[in-house]
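Bear in mind these aren't lab numbers, they're just calculated from the coordinates by the rules spelled out. These numbers come from a predicted model, not from an experiment. Here the Cβ is made from the backbone with ideal geometry for all residues, glycine too, and neighbour counts use every protein chain on show.
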Amino acid sequence: MPDNEQYKMTVDLNVLDHLGINLYSNIAAVLTEAVANAWDADAENVDIVIDPEEKLIEIKDDGIGMSIEDMNTKYLRVGYRRRDEDKQTGRTTAKGRPVMGRKGLGKLSLFSIANTIEVYSAKDGESHGLRMTIEGIKKSVQQKEPYYSPVSLSNEEVKVTHGTMILLKDIKRLRLGRGVNALRKRLARRFSVIGEAHGFKIFIDGQPLSSADRGDLPVVQFLWSFGTEEPDLSSASQLLEHEALSNRLDTWEVERTVKGWIGTARFPKQLDSDDAGNLNSIVVFARGRLFHENILDKLNDGRLYTKYLTGQIEADFLDTDDDPDIATSDRQRVQEDDPRYNQLIVFLKNQLTQVEKRWNEWRRLHEVEKAKETSPALAEWLDNLPQGFRKSAETLISKLSALPIDQEDDRKLLYKHGILAFERMKLRGSAEELASHVHNIDKLLAILADRDSLEASLYRDIVKSRLDAIKDFQGVADDNARESVLQKYLFDHLWLLDPAWERATSSAVMETRLTTDGVLTQDMTEKEKLGRVDIAYRTMAGKHIIVELKRVNRKMKLLELPEQGQTYVDKLKKILLAQGDPTPNIEVVFVLGVPIDEEGNNPERLKSSMAAISAGSRVVHYDSLIQGAQMAYSEYLNKSKQLDKLERIVDRI
């Protein structure tokens with residue numbers, strides 16, 4: 001036997017299981033192959049009808065059709081490479097269309113969703129048809145037949161007189177997602193040659209597909225197109241800015257160019273579509289059909305603007321006739337080590353650098369103008385800022401304005417907090433400005449005046465929260481009502497007792513132990529016996545504080561207070577000693593509604609009695625507590641309101 005006949009390669013029919021039945025994952029990808037075949041057949045119309053009830057999909061085109069010989073040598077031949085083998089119309093159709101098909105595997109994708117496939121076609125006045133089934137293919141595989149023979153259909157069963165029709169029957173995985181509307185959008189995003197301009201119309205259940213069905217252009221706010229060729233912007237109802245970018249790298253040969261566009265939405269959530277899929281992507285077309293589902297993922301760019309990006313670009317140089325085929329078997333991705341693909345990545349990175357810069361400028365311009373229109377007070381604040389701070393402030397407001405917030409009142413609240421935060425940062429960063437103007441007395445005084453005003457507003461952030469609590473006390477004349485209001489606030493707002501006590505904290509562990517020892521109790525009988533409303537334990541800057549709120553109408557005797565207070569201190573010291581603190585700083589504060597007699601006739605005895613409990617222990621009263629807090633903060637607020645210009649602006653937003 002000659003050496004060249006010793007070995008031979010065969011292809012088992014079982015390969016159909018891998019290349020057809022399990023190759024494609026969704027119905028849009030499957031229909032893409034059928035539509036691409038119609039394009040290559042010079043069809044002008046493709047009609048797709050879906051019948052979920054009957055588990056049937058019909059795809060009909062008005063292309064040149066196939067003879068029986070064409071069906072056998074081209075359509076039924078797995079791996080038929082039209083571009084290499086058809087010398088007349090293999091690369092360009094009779095109408096001058098660039099041929100989409102290349103591998104000769106696409107027709108197998110139909111088996112991934114249908115158990116039965118019927119193909120009818122007519123050419124030169126003759127019609128014919130066949131039926132293929134997965135069951136029949138598997139039977140041929142089991143019997144080790146050299147080829148599979150589809151069933152020939154009778155003339156009465158053939159349903160076309162022109163073009164080709166494919167019937168997908170017994171759909172096994174009808175992956176329509178949210179329905180036909182979702183399919184429309186997903187299929188529209190797989191072709192760039194849809195519509196009258198290209199002489200190629202696709203209909204789904206009688207309704208034509210258009211570029212608007214892709215769902216991206218209708219939400220685009222800013223758009224960049226490549227070169228001088230303009231995309232169809234009839235559906236871009238939200239478009240505010242449009243700019244052209246270069247369509248090639250300087251190092252590319254003249255014929256290598258990119259077409260299409262890149263755009264940004266106003267909100268990232270606008271790109272989240274249940275029907276169309278994730279629109280935060282840049283799809284790549286070659287020869288009018290999808291070549292890469294999302295090249296944006298391959299750019300490794302984590303900057304903020306990428307969350308707003310969408311786009312469609314055409315790079316025909318990825319699928320040239322004389323160069324290797326770099327598409328994967330399912331035609332959704334590419335072989336990423338190919339130089340052409342890497343050049344496209346470099347091109348996009350270069351262009352997106354310009355896109356980000358312009359996006360920041362346009363976004364600041366339009367979002368700030370929108371914000372100023374809705375809030376004159378915000379416009380006043382921005383307009384009165386020093387020039388050096390205005391750009392940064394506009395950037396802040398533009399970001400707040402573009403946040404996806406349902407309620408505009410919430411956005412106004414964001415503006416308020418944003419202004420205050422910006423002013424704080426401006427204050428922190430004013431040292432350089434202060435130093436640079438130290439020689440100019442006028443500018444120096446202006447800076448110091450701004451600092452005084454801002455420091456006042458920052459202090460009032462604290463004061464306001466306290467006054468909100470104090471307001472609940474105003475106008476409360478009934479003693480029992482006062483007791484209730486004070487109980488509500490006192491233990492969580494110990495600044496009512498001492499303005500220096502900013503952030504007193506509680507301790508669940510300590511409270512549990514004090515409860516076990518009987519200091520803290522929920523026993524109403526015990527509380528009544530001690531004449532108290534409640535008692536609480538807090539810590540503040542290393543100090544242990546016990547506050548007992550007495551009944552507003554309870555008349556206490558002096559001897560009762562030291563006895564109770566000493567009990568609290570002794571038990572607390574015992575607990576703290578076990579924790580390693582032998583000399584704790586403890587204060588006991590009694591809040592009374594009715595003064596005790598010694599306050600008027602023997603104040604020294606009262607003072608010594610409190611000191612005997614622990615240093616700093618004391619008696620305070622409902623009325624003096626409330627009035628003192630009001631006086632301490634209201635007096636300051638009333639004076640500072642006249643000076644603070646920021647207060648007036650923020651309140652008006």
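Points to keep in mind about this one:
- Peptides 282-294, 315-327 ranked from most to least packed, by the mean per-residue count of other Cβ atoms within 10 Å: 282-294, 315-327.
- Within the stretch 83-124: Cβ-based charge dipole about Cα centre, in debye rounded to nearest 20 (Lys, Arg +1; Asp, Glu -1): 260
- Percent of beta bridges antiparallel (DSSP, the stretch 273-418, rounded to nearest 5): 55
- Over the stretch 160-241, relative contact order from alpha-carbon pairs under 8 Å, at least 6 apart, %: 20
- Label separation (Lys527 vs Asp337): 7.7 nm, computed from points 7 Å beyond Cα along the C-beta direction.
- The antiparallel fraction among DSSP beta bridges confined to the stretch 477-635 stands at about 45%.
- Each part reduced to its alpha carbon centroid, the stretch 368-407 and the stretch 93-133 end up 58 Å apart.
- When peptides 380-388, 74-82 are ranked by their average number of other Cβ atoms within 10 Å per residue, the highest-first order is 74-82, 380-388.
- The stretch 215-359, dipole about Cα centre (Lys/Arg Cβ +1, Asp/Glu Cβ -1), debye to the nearest 20: 680
- Theoretical gain in end-to-end length, Glu408 to Glu229 [0.36 nm per residue, Cα-Cα removed]: 60.5 nm
- Compared with the alpha-carbon gap, the fully stretched path from Trp252 to Lys159 is longer by 28.5 nm at 0.36 nm per residue.
- FRET efficiency, 1/(1 + (r/R0)^6) with R0 25 Å, evaluated for Arg554 and Gln627 via beta carbons: 0.75
- Prolate/oblate/rounded label for the stretch 477-635 (Cα gyration tensor, a/c 1.5): rounded
- Between Glu369 and Ser237, the simple label model (points 7 Å from Cα in the Cβ direction) yields a spacing of 2.1 nm.
- Compared with the alpha-carbon gap, the fully stretched path from Glu58 to Asp170 is longer by 39.1 nm at 0.36 nm per residue.
- Note on Ser127 and Asn350: the model spin-label points, each 7 Å out from Cα along the C-beta direction, lie 5.5 nm apart.
- Loop-resident GluC sites (Glu not before Pro) (DSSP state other than H, G, I, E or B) in the stretch 167-274 with no more than 11 further Cβ atoms inside 10 Å of their Cβ: Glu253, Glu255.
- Alpha carbon centroid spacing (whole Å) that separates the stretch 200-224 from the stretch 257-311: 15
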